[in-house]
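What follows is one structure encoded as C-alpha cells, with my remarks underneath.
The values are calculated or read from the model by the stated rules, or taken from the named source; none is laboratory data. Owing to the predicted nature of the structure, the values given are computational and were not obtained by experimental measurement. Glycine gets a Cβ as well: all are built from the backbone with ideal geometry, and neighbour counts include every protein chain shown. SASA here: full protein model, heavy atoms, side chains in, ligands and nucleic acids out. Shrake-Rupley method; radii C 1.70, N 1.55, O 1.52, S 1.80 Å.
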Number of protein chains: 2
Amino acid sequence: MSTSIPGGEILLSALSSCGVEICLANPGTSEMHAVAALSRVPQIRGVLGLQENVVTGAADGYARMAGKPAATLLHLGPGLANGTANLHNAARAHSPIVNVVGDHATYHKRYDAPLESDIESLARPVSSWIRRVARTDDIASDAAAAYEAAMTPPGGVATLILPSDLTWNTSEDDSYASGRVIPPRVPHARLVPPVDLEPALKALCSGKPTTIFLDHPYISAAMISLARQVCSLTGAKLIGPTFPARLEHGLGVPTLERLAYLAELASAQLAGCRHLVLVGARSPVSFFAYPGQPSDLVPAGCRTYVAAGPADDCEKALADLLDGCLLHAHQAPGSNLPGGDAQGGDGGQAHLEHQPPGSAIAPRSSEHLDPDGRLDARSAASVLAALLPESAIVSDEGNTAGLYFADAMATSPPHDWLCLTGGAIGQGLPVATGAALACPDRPVIAIEADGSAMYTFQALWTQAREDLDVTTIILDNGAYEVLEMELMRVNAEGASPHANAMLELRDPSLDFVSLARGLGVPGQRAETVGELREALSKAFAEPGPHLVQAAVGRLF
Amino acid sequence: MSTSIPGGEILLSALSSCGVEICLANPGTSEMHAVAALSRVPQIRGVLGLQENVVTGAADGYARMAGKPAATLLHLGPGLANGTANLHNAARAHSPIVNVVGDHATYHKRYDAPLESDIESLARPVSSWIRRVARTDDIASDAAAAYEAAMTPPGGVATLILPSDLTWNTSEDDSYASGRVIPPRVPHARLVPPVDLEPALKALCSGKPTTIFLDHPYISAAMISLARQVCSLTGAKLIGPTFPARLEHGLGVPTLERLAYLAELASAQLAGCRHLVLVGARSPVSFFAYPGQPSDLVPAGCRTYVAAGPADDCEKALADLLDGCLLHAHQAPGSNLPGGDAQGGDGGQAHLEHQPPGSAIAPRSSEHLDPDGRLDARSAASVLAALLPESAIVSDEGNTAGLYFADAMATSPPHDWLCLTGGAIGQGLPVATGAALACPDRPVIAIEADGSAMYTFQALWTQAREDLDVTTIILDNGAYEVLEMELMRVNAEGASPHANAMLELRDPSLDFVSLARGLGVPGQRAETVGELREALSKAFAEPGPHLVQAAVGRLF
C-alpha cells in the first residue's frame, strides 16, 4: 500500500491541491528535490529569480493581485535573509505567501556546516506562522497548514522550513499521494460583529469633527464609495493609508485622500479631529520619528473607535456603518448630521472633504506640455497619466520623484495601485513582476525611483524570461532624494558636501538603459516630454517588458 | 562643562579613535545624523553601496586584508536583512566588522511604524556580539566595546543597534568628546598553552596515518611552511579548508591541498587517516548532506586532537608542534618517524603528500594555447595565471567554472586568495571591493561565476565611484552549473528539461558588458584565448575597475 513518492513531489502536489499555481524560486542544493519535482507536478509553474528579494517581492505582487499565495523556494538561512526585506513589505501588506525555506538534512544540522544558520530567528520578524517539517509524512499536511495560515485574514507570510532529507525520502502513507490531498478550509474574513459598531456610529453622528481612517489589503472602489457615503451623511473626513497594498484608482473610482508620509503634513490632515474611526486600519503613527515631532498622529483629545480590525470584513463594516447612519438620520431627523439643523460648531469641516470629485485633478491629457520641454517629476506624471492603458496595474516605488503620479492619474482609466507597504525599498520591480505573473492580460507599469531600482534590478531578467508585459519607468534624479530631504530636515546646521555625496547617485551616473539591455529588456532614455511620450507609447504598444529612463531631475 | 556633540558624531569619533578608517554605508532616515557627522569626522571615509549586501561583503573583504574592522551603516531591520548573507560569510571567515544598524527612536519603537522589526532576531544568527545602545552617553563606550568584540579572536561581527534619537541628542559627559576616547585594549590571540600539545605530538610521531587539518582567518606562507615541515618530519598529510578566508598562494608559497567541496572526494582525501590533528580548524564535515553520504568526514576509527582552536595563535601552535617533533626525533632516533626505521604498515601514506612542490602545476604561461581557440574553464585559468600582476589579491567566487584557477595560479607571483567562506553566493564582487579599499596599491581580481555575480552586481558601481583597481572576470557558462551537478547527484531519475530550466541563466542570456557599462565600468567580452589575453592585459594595464565576460561554456 505504501507509495514511493519523494517528499519534494509531495510538497508540490499538496500545494497544488491547495490552489498554488506558481513557485517562485532561487534554489540551492538543499532544494534540488523540490526543483526536480517541478517536472512531475506540471500544474505548478516554476519561475526563477536571480536574487531572493526578487522572488519574495514577486510573491508579494502576485498575492496582492491573485488574492492567494504563490510558493517561494529559498536556500537556507542566507537565501531567506536575501529575501527578507520584501517579505517584510509583504507582511505589512498582509499578502499571503507560502514561504518555503530549504534546510540541511535533519541529521546534518548538528555539524554546523558552512551554510548552517538559525533560520527560525531570521524568519520570525517577517512571518505570521513558522513550522519546521519533522517527517516526510508530514509534508503534505504541513504545506496545507502553511497555505491556511497564509490565507487566514488578514493574510501573512507562512514560513515552512523543509530539511532536505525529508524531500528525498518517500512517504509511507499513501493518503498523501499526488493529487489526493484534501485542500484545507481557508478561513474567511470575519463578519463585523463581534465588533460593536455603536460607539463608532455615535461618534460619526455626533456632528463633531470625525475622521474615518480606512486600510485594507485591497481597498476597492466599493469600499471607498461606502466610506464616502458615510462621510456625505455625517460630515466626516475620509483618509486612507500612506502606502496602500492595493488600491483601486482612476476614472470613476472615488478618490481616497491618503495620509501624508511626512509627519508634519499628516498631523495637519488630522488636526482638529475629535473622533477617529478605524476601519481595517491601525491607529495612525508617523513613518519615522523626528526631533520635536510626535510619533502618535492622533491629536490630543481625540477618541479612537475600532469599527473593523485588519482581519475583519471591512466592506461589511462600512456597509453596516452606512446603514446605521441612514437609520440614525431617519430616527433623529433633527440630529447632528449635516443637512440636519444642528451642524455644531465644527460642522464646517464637512466642507473640507466635499470637494467635487476630480476638482483638484489635472485633465487626462499632456497636450498642454511642450514636447521639447525638459522632463520633470510633474510633466512625467502628466505624460504617463495621458497614456496609461486600460486596466493597468501600477507598482509605485517612485518615492520623492513619484510625488505627482497618483494625482495625475486620477482621471486615467481605472487601475490598481500597489505601494511600498513596509518602507523597505527594492519592492517596486519585483512586485510588478509578480503582478504580471498573476494578471497576464493586464499591462503592468512600475514607477520606480532610481535609488530603489538598484536594490532589485535583477527582476527585469525574470520579466524578460517570462515575457511579462511590464513597463518600468525609472525616475532618474541622480540621488536618494528622499534622504537629501530627510538630511535637511534633521540637520539644522546644513548638509555638507561630504555627507551629501553619500546620498548622490552620480559619479558615475546610472545608465539604466544599459542595465536593462544586460538583462534582456529593451530600454530607452527620455529627456523631454516628447521623448517620454514616444518611449511609453512604444512600450505600451509592444508586448513584453520595456524600460524607460526618465531624466526628471530633482524635485527640490 | 557639558559638550554639545550629537550622538552621530560621537559614534564616528569613537570608532576613529579605535582605528576605524572606513564606514561602508547604505543609510536611511534613521541614520541621517551619522551620515551628517561624516563631514565633521573626516578621518572616516564614507563609502556608499547601492545595496546592503555590497556594504557588508565589502566590510568582509576589507577586514580580511586590513586585519581590522570597517564600520557599516545599515538602515533598520530590512537594511540589516539585505546585508545578512554576506555577514554570514564574514562570520564564517571570522572577519572583524563593527556592524552599525540604525533603528527608530527609542520612544518610536512601540508604535510599530511600517519599518519596525525585531533587529535582534535578525542579527543574532550572524553576530558574535550584539548591543542596543541605551543612552547617547553610552555611544562612545559601546562603539569601543563593539570594536573590541569584533577584534576578539578569532574575530567576528559585532552588531551595534543605534536608535536615531540617541544620534541627534547630545552627550552631557564631555569625556566622550571627539578624539578623547580611550581606545579599547584589543585582545590578542591566545598563546597555545593552555592547549596541551602532547597528545597531538604523540599522534604525529606515531607513524600511523595522520592528517593535519589547518584553518585560520589568514593562512600565511609561514603557517603552511611550518605545517609542511611537521609533515616532512612525521609523514603526516596536510589539508586546508575548502574555502579559506585568506590564503597566501603562488610562486614560492608552499602549496596547501584543500579539502574537496564534494563529500565523496573529501572522504577520499581523509580515507585511511588514523589521527586527525586540528590546527585552527573545526572537525571536517561535508558542505551539504547527500543521500547515503556521511556528514562527518572523519573516518571511522580515526582519533581527533585539537592542537589549536579557531581563536588560538595557530602559527605558534605549529611552531611548537615542529619543535616537539624535532625534539622527539632527537630523543628517539629509532622512533616511528619517517626516515627512522619504523614507518609502520601505513607509512606509504607519507609518499602521497610528498609530491615535489609544483609537480602537478602547469607552467606559468599560456603560450601553448591557440589564441583562436575557444575559451573553456581550463584555458581561462591558464590565461589569467600567465598574466596575473605582482602582489595581486584574488577574490574567488568562480564556483564550478573556477575549478582550475587555484592550481593554474600556483606559479603566478605570490598573491592572496579570498574564498566564499560561508557558501552564501554573492560574496565575490563585494569582497573584491572591500579588499581594494583596504589595499589601494594592490591589484584586485575577482574570479566570478555568472550566477553568483547577479546577487551583488551593484558592487561595480562602488568600484567605479571609488576608482578601485578591480578586474572582474565573469565566468559565463550560462547556468547555475553547480546546481545542475547537484541535481544530477541527487536525482537518480535524471534531470528533466523542466527542472533544468530553473538552473539555466539563458533565455535571455546575461550581457555583463552592458550591465557593467550601466554602472560605469568598462567591459569586454572574450570568446577566445586571444581575446581574454588581450582584455585582461588591457584591464591590468589601466587603473580603475574593468570587467571581462569570459565565455567559458559548461564544465560538464
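Taking the accessible area of the protein assembly as shown, probe 1.4 Å, and keeping the other protein chains in place, the carbon and sulfur fraction comes to 53%. Pairwise Cα distances in region A:226-338 exceed 25 Å for 27 percent of all pairs. Ranking A:225, B:13 from most to least accessible surface, computed with a 1.4 Å probe over the protein chains only, gives A:225, B:13.
Which value in deg cm²/dmol, rounded to the nearest 500, describes the helix-derived mean residue ellipticity at 222 nm for chain A, given -39,500 (n - 2.57) per DSSP H run of n ≥ 4 and division by the residue count? After summing the helix terms and dividing by the residues of chain A, the value is -10000 deg cm²/dmol.
Between helix B:529-541 and chain B there is an angle of about 50 degrees, using the helix long axis and the longest principal axis of the Cα atoms. Let me know the whole percent of all Cα-Cα pairs from region A:5-110 that are separated by more than 25 Å. Value for region A:5-110 (Cα pairs over 25 Å): 15 percent.
Residues of region A:527-556 falling in the label zone of residue A:372, defined by backbone nitrogen less than 19 Å from a point 7 Å along Cα to beta-carbon, are A:527-535. The alpha-carbon of residue A:208 sits under 23 angstrom from the alpha-carbons of these lysines, leaving out residues fewer than 8 places away in its chain: A:237. Going from the chain on its own to the full set of protein chains, region A:109-130 has these residues losing 50 Å² or more of accessible surface (heavy atoms, 1.4 Å probe, no ligands, DNA or RNA): A:111, A:112, A:114, A:115, A:121, A:122, A:125. Suppose each label sits 7 Å from its Cα in the direction of the beta carbon; what would the residue A:323-residue B:268 distance come out to in nanometres? Once both label points are built, they end up 7.6 nm from each other. When accessible surface is computed with a 1.4 Å probe, chains B and A are found to bury approximately 8100 Å² between them, both chains counted. Annotation: lysines with alpha-carbon distance below 24 angstrom to residue B:68 (same-chain offsets under eight excluded): B:316. Once the Cα atoms are used to define both axes, helix B:428-438 deviates from the longest principal axis of chain B by about 70 degrees. Note on region B:383-442: Cα Rg divided by 2.2 N^0.38 Å, N the number of residues, gives 1.11. Residue ranking by accessible heavy-atom surface, 1.4 Å probe, largest first, among B:417, A:168 comes out as A:168, B:417. The candidates A:305, B:218, arranged from most to least accessible area with a 1.4 Å probe in the full protein assembly, appear as B:218, A:305.
Between residue B:331 and residue B:110, the modelled labels are 6.8 nm apart [label points 7 Å from Cα along Cα→Cβ]. Helix B:481-490 and the longest principal axis of the C-alpha atoms of chain B enclose an angle of approximately 60°. The value for region B:16-61 of Rg(Cα) / (2.2 N^0.38 Å) is 1.14. Segment residue B:316..residue B:541, full-extension length gain: 77.0 nm, with 0.36 nm per residue of separation and the alpha-carbon distance subtracted.
For residue A:4 and residue B:118, the FRET efficiency from 1/(1 + (r/R0)^6), where r spans their Cβ atoms and R0 equals 41 Å, is about 0.45. Counting Cβ atoms of other protein chains within 10 Å of each residue's Cβ and taking the mean over peptide A:286-294 gives 6. Here residue B:509 and residue B:441 are evaluated by their C-beta separation; at R0 = 51 Å the FRET efficiency comes out at 0.90. Using heavy atoms of the protein chains and a probe of 1.4 Å, the accessible area assigned to residue B:223 is about 10 Å². Looking at the protein assembly as shown only, what percent of DSSP beta bridges run antiparallel? Nearest 5 please. Roughly 10 percent of the DSSP beta bridges within the protein assembly as shown come out antiparallel. For residue B:68, the solvent-accessible surface with a 1.4 Å probe is about 40 Å², rounded to the nearest 10.
So if the hydrodynamic radius of region B:497-556 is defined as the Kirkwood radius over C-alpha pairs, what does Stokes-Einstein give as its diffusion coefficient at 10 °C and 1.306 mPa s, in µm² per second? It diffuses with D of about 121 µm²/s by this estimate. When +1 charges are put on Lys and Arg Cβ atoms and -1 charges on Asp and Glu Cβ atoms, the dipole computed for chain A relative to its Cα centre reaches about 760 debye. In the assembled protein chains, residue A:368 presents an accessible area of approximately 130 Å² (probe radius 1.4 Å). At an R0 of 41 angstrom, the distance between the Cβ atoms of residue B:554 and residue B:303 translates into a FRET efficiency of 0.45.
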